Amino acid sequence: MDAALNETARALVAPGKGILAADESSGTIKKRFDSIGCDSTEDRRRAYREMLFTTKGAGDHISGVILFDETIRQSASDGRPLPKVLESVGIIPGIKVDKGAVKLAKSPDELVTDGLDGLRDRLIEYRGLGARFAKWRAVITIGPDIPSRLCIDVNAHALGRYAALCQDEGIVPIVEPEVLMDGDHTLERCYQVTCDALHRVFDELYDQRVEFEGMLLKPNMVVPGKDNRSYPAPPETVADATISCLRTTVPAAVPGVVFLSGGQGDEEATANLNAMNAKGPHPWQLSFSYGRALQHAALQAWKGSDANIGAGQAAYKHRAEMNGLAAAGKYSTDLEQAAS
Ligand code: 13P
């Protein structure tokens, strides 16, 4: 076992801490900025991320931040590279290394993630820029006749290729097979597809010699589709289904599972994570690697203006704190209200 990879993986899921996914691609961050009426210029993107990364006390609840290629090369207003800003408060810089999901050949309604070409060289460069962990997101869509075996197989294979390359270059891979919430499918269908996808992913990781001790899994929670009438399911139900799925698919050697929020509401994502940890202990740490559920309130408070940096930071700090409590199973809606 590679002790350094294991140490980084464990630090990322230290008790009461989780990850901020701030790795929105140029297209995605533009959509987020459009929602607050802010032009997505390089300067505004930099200012927004600097606001998050310089939030005082965030490091009490945030172990690592996933950056986008543009961001890992940017500097704060005081001239320090953004990865150094994070390191200075004990937060580990990470990097998104996939190149996004594209149409899967021979299955027009499904996606496969690009980005393996030249990946080793990019990992070496990112490591030099300060990245100690990475992320690759595969997308699995539920529909009447999908996902196909083809979609699950090719995405699992690419996740294996990516994870093995990361470990070769001293970077902890976060392996993210996301089963989307889009659609009207039941929780049972999400359970079945998520279990199937995770079984295939861990088969590939094993076949491709990935060390489970030096990686993290970033899955969706098991929930009904957004358009199903039982959405949102109670946190207890989500927790039971998700834990059951993980127990049958994820080796105990994996140090941690860090969930994506995937379009859940801010407090919904926190309550679901808390319900899982309240049922612990589990073989792995269960924590968060949220994008939207950590940033939504901060983005609304900031509105693209430097005058609102304090309000944006307060909103981000609050969600980081609530999710930190949920990672320890100590969150309650009373605490949520007491703080607001
Ligand atoms: P969400 O929490 O918004 O789903 O983002 C997490 C992420 O990194 C998706 O790749």
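Only the coordinates and a few stated rules stand behind these numbers; no lab work does. Treat the numbers as computed from the prediction; the structure is a model and nothing was measured. With ideal geometry, Cβ positions are generated from the backbone for all residues, glycine too; neighbour counts draw on all protein chains shown.
Computed values, structure above
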{"read-out": "Residues (free of Cβ contacts under 8 Å to residues at least 60 places away in the same chain and touching a strand residue (DSSP E or B) at 6+ places or on another chain (Cβ under 7 Å)) located in the stretch 42-62", "value": "PHE53"}
{"read-out": "Every residue from the stretch 129-141 that is more than 16 Å from the ligand (Cβ to nearest atom) and crowded, with 18+ Cβ neighbours inside 10 Å", "value": "GLY130, ARG132"}
{"read-out": "Given (1) assigned to a helix (DSSP H, G or I); (2) within 15 Å of the ligand (Cβ to nearest atom), number of the condition GLU178 does not satisfy", "value": "(1)"}
{"read-out": "Verdict on ALA269 being away from the ligand (no atom under 15 Å from the Cβ) and either under 18 Å from the mean Cα position of the chain (by Cα) or part of a helix (DSSP H, G or I) (or both)", "value": "no"}
{"read-out": "Single match in THR71, THR28 (criterion: closer than 18 Å to GLY100 by Cα, surrounded by fewer than 17 Cβ atoms within 10 Å (Cβ to Cβ) and of a type in the set (Ser, Thr, Tyr))", "value": "THR28"}
{"read-out": "So SER230, is it surrounded by fewer than 20 Cβ atoms within 10 Å (Cβ to Cβ), more than 16 Å from the ligand (Cβ to nearest atom), small (Gly, Ala, Ser) and part of a helix (DSSP H, G or I)", "value": "no"}
{"read-out": "Some residue of the stretch 272-282 being within 15 Å of the ligand (Cβ to nearest atom) and under 29 Å from SER35 (Cα atoms)", "value": "yes"}
{"read-out": "Any hit, the stretch 19-41, residues being touching a strand residue (DSSP E or B) at 6+ places or on another chain (Cβ under 7 Å) and in a helix (DSSP H, G or I)", "value": "no"}
{"read-out": "Failed criterion for THR8 (all others in (1) within 16 Å of the ligand (Cβ to nearest atom); (2) touching a Lys or Arg at 6+ places or on another chain (Cβ under 6 Å); (3) part of a helix (DSSP H, G or I) hold)", "value": "(1)"}
{"read-out": "Answer from GLY265, GLY304 - the residue that is surrounded by fewer than 19 Cβ atoms within 10 Å (Cβ to Cβ), at positive phi and not polar (S, T, N, Q)", "value": "GLY304"}
{"read-out": "Residue satisfying all of: in the stretch 283-309; out of contact with any Gly (no Cβ under 6 Å at 6 or more places or on another chain) and in a strand (DSSP E or B); nearest to the ligand (Cβ to nearest atom) among these", "value": "TYR290"}
{"read-out": "Scope the stretch 246-263; condition part of a loop (DSSP other than H, G, I, E, B) and within 14 Å of the ligand (Cβ to nearest atom); matching residues", "value": "LEU260, SER261, GLY262, GLY263"}
{"read-out": "SER35 within 12 Å of the ligand (Cβ to nearest atom), touching a residue at least 60 places away in the same chain (Cβ under 8 Å) and not aliphatic (A, V, I, L, M)", "value": "no"}
